[in-house]
Amino acid sequence: MLFRSDAITIASFNIQVFGESKIAKHQVVDVLARVVRNFDVVAVQEVRAKSDSVVPQFVSAINGDGSRYQFVIGPRLGRTASKEQYTFIYDTTRIELDPSSVGTSPNPGDRLHRPPLHARFRVRANPPESGFTFWLVDTHTDPDEVPQEVNALADVFLEMKALRPDEDDVILLGDLNAGPPQFGKIRQIPNIGWAVSGVTTNTRRTKTYDNIIFDRAATTEYTGRWGVLDLQNTFGLPLDKALEVSDHNPVWAAFRPWEGQHTADASAPLGGTR
């Protein structure tokens, strides 16, 4: 496993039209399963299936080596006939889900084609209350309305921050179809930061679309470590085979497992090694 350590690794992965056709390709599923096993929680975008069996089949494949992952999935969303679902896949040996926290995030002014899926997680620790707790907000903007939707996500982020007075850690992650220069109102949120900067995140290595965004003053558990898992380099795939897996590479960031742990310099800019 490339990134597993005492830190908790949170990843985002647009699996690109993840449906019945892709789950039937055993070599593709093998790569996807190996990707997920590197991380403690993966926010997945673009589940596009008529059947409800695709994600359970995928999690069974992930657990084929004895791993103990579980998932939670949102409703089918979209304004056209092509609907998508978000899902969180998480390692139950390291992470626990608050089932009551799962829901579709606010959609102020109906500006989002697919409003995010949110859920609250806690790192398993002893004592339990010492584990890092956090909201994950899984999103995929519509590529035709990126500026409007990115600005709407700024409002979603702030509403999630206010949702529970006992939880200040909100991590917005997914495929924004935008890099940091196009983050609009998100950039105006006090203390906002993002993990991925200065590198491409799509499989063709031409665009920065995927990111992990949080309040750097509140989420002091962030270690400063982040990266992009390059499908070609990691699994020795030629471009055409990597594109069969997805047109996006997974992105990830690492967090300390204990609530309220501080980095050496909380004022330092976000970023880190790949």
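Values as computed for the structure displayed
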{"item": "Nonlocal amide H pairs with Asn14, under 5 Å, H built at 1.01 Å", "result": "Gln45"}
{"item": "Positive-pole candidate from Val17, Asn211, Tyr86, dipole of the chain, charges at beta carbon", "result": "Val17"}
{"item": "Estimated translational D of region 152-255 in µm²/s (Stokes, Kirkwood radius over Cα pairs; 25 °C; 0.890 mPa s)", "result": "167"}
{"item": "Estimated dipole of the chain in Debye, rounded to 20 [Cβ of Lys and Arg +1, of Asp and Glu -1, Cα centre]", "result": "500"}
{"item": "Of (i) 18.7, 57; (ii) 18.0, 53; (iii) 17.2, 49, the label for Rg and Dmax of the Cα atoms in Å derived from the coordinates", "result": "(iii)"}
{"item": "Whole-Hz couplings from phi, Karplus 6.51/-1.76/1.60, listed for region 191-201; x for Gly and Pro", "result": "6, 6, x, 9, 7, 9, 7, x, 9, 8, 10"}
{"item": "Overall form of region 1-147 per C-alpha gyration tensor (a/c, 1.5; a/b vs b/c)", "result": "oblate"}
{"item": "Rounded to the nearest 10 Å², the accessible area of Thr93 at probe 1.4 Å", "result": "70"}
{"item": "Relative contact order (%) - criterion: Cα under 8 Å, at least six apart; region: the chain", "result": "19"}
{"item": "Accessible area in the full protein assembly, largest first, 1.4 Å probe, for Ser105, Ser60", "result": "Ser60, Ser105"}
{"item": "Shape call, region 97-167: gyration tensor on alpha carbons, a/c limit 1.5", "result": "prolate"}
{"item": "Label-point separation in nm, Val146 to Asn233, each point 7 Å along Cα→Cβ", "result": "2.3"}
{"item": "Helix-only mean residue ellipticity at 222 nm for the chain, each DSSP H run of n ≥ 4 adding -39500 (n - 2.57), per residue, nearest 500", "result": "-5500 deg cm²/dmol"}
{"item": "Sequence-distant residues sharing a close amide H with His248 (under 5 Å, placed H)", "result": "Thr203"}
{"item": "The chain, accessible area per residue, ligands and nucleic acids excluded (1.4 Å, Å²)", "result": "41"}
{"item": "Among 38-44, 28-34, 78-84, the order from most to least packed when residues are scored by Cβ within 10 Å on average", "result": "38-44, 28-34, 78-84"}
{"item": "Separation in nanometres of the label points that stand 7 Å from Cα toward Cβ, at Glu159 and Ser21", "result": "3.4"}
{"item": "Nitroxide proxy distance, nm - points 7 Å out along Cα→Cβ at Gln70 and Glu167", "result": "1.6"}
{"item": "Within region 55-198: Cβ-based charge dipole about Cα centre, in debye rounded to nearest 20 (Lys, Arg +1; Asp, Glu -1)", "result": "100"}
{"item": "Amide H contacts of Asn211 (H built 1.01 Å from N, under 5 Å, at least 5 apart or other chain)", "result": "Gly174, Leu176"}
{"item": "Three-way shape call for region 90-239 based on the alpha-carbon gyration tensor, with the a/c threshold at 1.5", "result": "oblate"}
{"item": "Centre separation in Å (Cα based) which lies between region 121-138 and region 35-95", "result": "20"}
{"item": "Accessible area of Thr234 in the full protein assembly, 1.4 Å probe (Å², nearest 10)", "result": "50"}
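The values are calculated or read from the model by the stated rules, or taken from the named source; none is laboratory data. These numbers were taken from a predicted model, which means no experiment stands behind them. Quick reminder, even Gly has a Cβ in these numbers, built from the backbone with ideal geometry, and neighbours come from all protein chains shown. Ligands, DNA and RNA are stripped out before the accessible areas are found, and what is left, the full protein with its side chains, is counted by its heavy atoms. Shrake-Rupley method; radii C 1.70, N 1.55, O 1.52, S 1.80 Å.
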